[in-house]
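Since the structure comes first, as structure tokens, the remarks are kept for the end.
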Amino acid sequence: MGRDRDVPVAAGGGSSQRAVKRPRYLTLPIILVLVVIGYIYYVTVFGVIERWLGLTTAAGVGNAVGFSVLALMCLSTYAIAVLRDPGSVPPSFIPDIEDPDARVHEVKRKGGDLRYCQKCSHYKPPRAHHCRVCKRCVLKMDHHCTWINNCVGHANYKVFFVFVLYSVIACFHSQAVLLGFAYDIHKGQIPERGYINMLHIICGILLFPLTLALSVLLGWHTYLILQNKTTIEHYEGVRAMWLAKKAGNAYEHPYDLGTYENLTSVLGPNIFCWICPSSYIGSGLYFPTTCDNKLETLTR
């Protein structure tokens, strides 16, 4: 899968490079995300819900508690996505072409050699890629995200997806109460404390593009999960499909197991835990393929 260089003769060495880990520290994008979450939470609960519905009414308490739970889930999943290692390649990893549990091995388009990272001095497992920012190979790498100062990979992809999901729900909730508050002010139904101030205006200006961007991001990653692809694999697949069509062949994504199997391979087998920031599945070194399913069907 295409961007790899020639494989050296020996697979040993380079242990010092393999040990490189990107430090986890507060960056400006992370601080900005935390400030935005805190600001939207404060304005939504204390600037809108308290003044509009009151925190002593059933509707006010219900909305405040519901939004507080969403905010807590956003913060916790965001923290996990930032702090959790996305998955590193074990120093001892060497592809075993005779392993019956690993029937498919990714190779370079030119030469057909097993994929090898010259920068890290080790072989690449299937779906692993080298991150130029983190300066190491990441298992099932999707992309490097500036907003979490981390790669999104095998070990933190689900929690990243769940974070985006809760963020979208929270944004829609905040927009709904803000619009309801503004509508009742327009109708003159809350004259005592019914006025829009600069806090509300700034919150509304923040929420519209934020909701739009996060909704697009959620839709994109939902599509990828349903196809069992990463962002890198999607764009590599576009090129592979073009090359296959040019040669008169058909391209089939090797990890597309079907809609339900694709979902469970990322979100887990228990449907009730799909929106929980639970742990990742498997080692990230090998993944089931369509070839496995076909062989199992033939042996039945």
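The values are calculated or read from the model by the stated rules, or taken from the named source; none is laboratory data. Everything quoted here is computed from the prediction, not taken from an experiment. When we count neighbours, we look across all protein chains shown, and the Cβ atoms used for this are built from the backbone with ideal geometry, even at glycine.
Results for (1) at pLDDT below 90; (2) hydrophobic (A, V, I, L, M, F, W, C); (3) touching a Ser or Thr at 6+ places or on another chain (Cβ under 8 Å), shown as yes or no for each residue.
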site	(1), (2), (3)
K245	yes, no, no
N249	yes, no, no
P254	yes, no, yes
E261	no, no, no
P269	no, no, no
C276	no, yes, no
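Summed over the stretch 24-53, the residues that are in a loop (DSSP other than H, G, I, E, B) and within 16 Å of L179 (Cα to Cα) give a count of 1. Looking across the stretch 194-221 at every residue that is polar (S, T, N, Q) and assigned to a helix (DSSP H, G or I), the one that is surrounded by the fewest Cβ atoms within 10 Å (Cβ to Cβ) is identified as S215.
Limited to the stretch 98-146, what total is found for residues that are in a loop (DSSP other than H, G, I, E, B) and either in contact with a Phe, Trp or Tyr (Cβ under 8 Å, 6 or more places away or on another chain) or modelled with pLDDT under 85 (or both)? Quick ask: steps written out before the conclusion?
Kept after step one, since they are in a loop (DSSP other than H, G, I, E, B), are these residues of the stretch 98-146: 98-106, 108-113, 115, 118-121, 124-128, 132-135, 139-142, 146.
Filter once more, so that each one left must be either in contact with a Phe, Trp or Tyr (Cβ under 8 Å, 6 or more places away or on another chain) or modelled with pLDDT under 85 (or both): 98-106, 108-113, 115, 124-127, 140, 142.
Matching residues across the stretch 98-146 total 22.
Condition check ((1) assigned to a loop (DSSP other than H, G, I, E, B); (2) among the β-branched types (V, I, T); (3) at pLDDT below 95; (4) more than 20 Å from A64 (Cα to Cα)) across all residues:
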residue	(1), (2), (3), (4)
Q175	no, no, no, no
G180	no, no, yes, no
Y183	no, no, yes, no
E192	yes, no, yes, yes
Y223	no, no, no, yes
E233	no, no, yes, yes
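Sort through V61, V69, V162 and tell me the only one that's within 21 Å of L224 (Cβ to Cβ), at pLDDT 95 or above, in a helix (DSSP H, G or I) and of a type in the set (V, I, T). Criteria check complete, one pass: V162.
Inspect all residues belonging to the stretch 253-262 and state whether any of them is β-branched (V, I, T) and surrounded by 14 or more Cβ atoms within 10 Å (Cβ to Cβ). No: zero hits.
Out of G284, G237, one residue alone is under 20 Å from F163 (Cβ atoms), crowded, with 17+ Cβ neighbours inside 10 Å and not charged (D, E, K, R). It is G284. A single entry from H154, H143, H130 fulfils the requirement of being buried (at least 24 other Cβ atoms within 10 Å of the Cβ) and closer than 20 Å to G284 by Cα: H154. Only a single item in (1) over 23 Å from F287 (Cβ atoms); (2) surrounded by 14 or more Cβ atoms within 10 Å (Cβ to Cβ); (3) at pLDDT below 95 is not met by I169, and it is number (3). Note on the stretch 235-284: among residues that are part of a helix (DSSP H, G or I) and among the polar types (S, T, N, Q), the one that is farthest from R84 (Cα to Cα) is T259. For the stretch 37-56: of the residues being within 14 Å of L70 (Cβ to Cβ) and among the β-branched types (V, I, T), which is nearest to the chain's Cα centre (by Cα)? Here the answer is I37.
Restricting attention to the stretch 149-159, does a residue exist that is in a loop (DSSP other than H, G, I, E, B), at pLDDT 90 or above and closer than 19 Å to D256 by Cβ?
Residues of the stretch 149-159 that are in a loop (DSSP other than H, G, I, E, B), as a first pass: 149, 153-156.
The next check asks that each one be at pLDDT 90 or above; those that pass are 149, 153-156.
In the following step, the residues that additionally are closer than 19 Å to D256 by Cβ were identified as 154.
Yes, some residue in the stretch 149-159 is in a loop (DSSP other than H, G, I, E, B), at pLDDT 90 or above and closer than 19 Å to D256 by Cβ.
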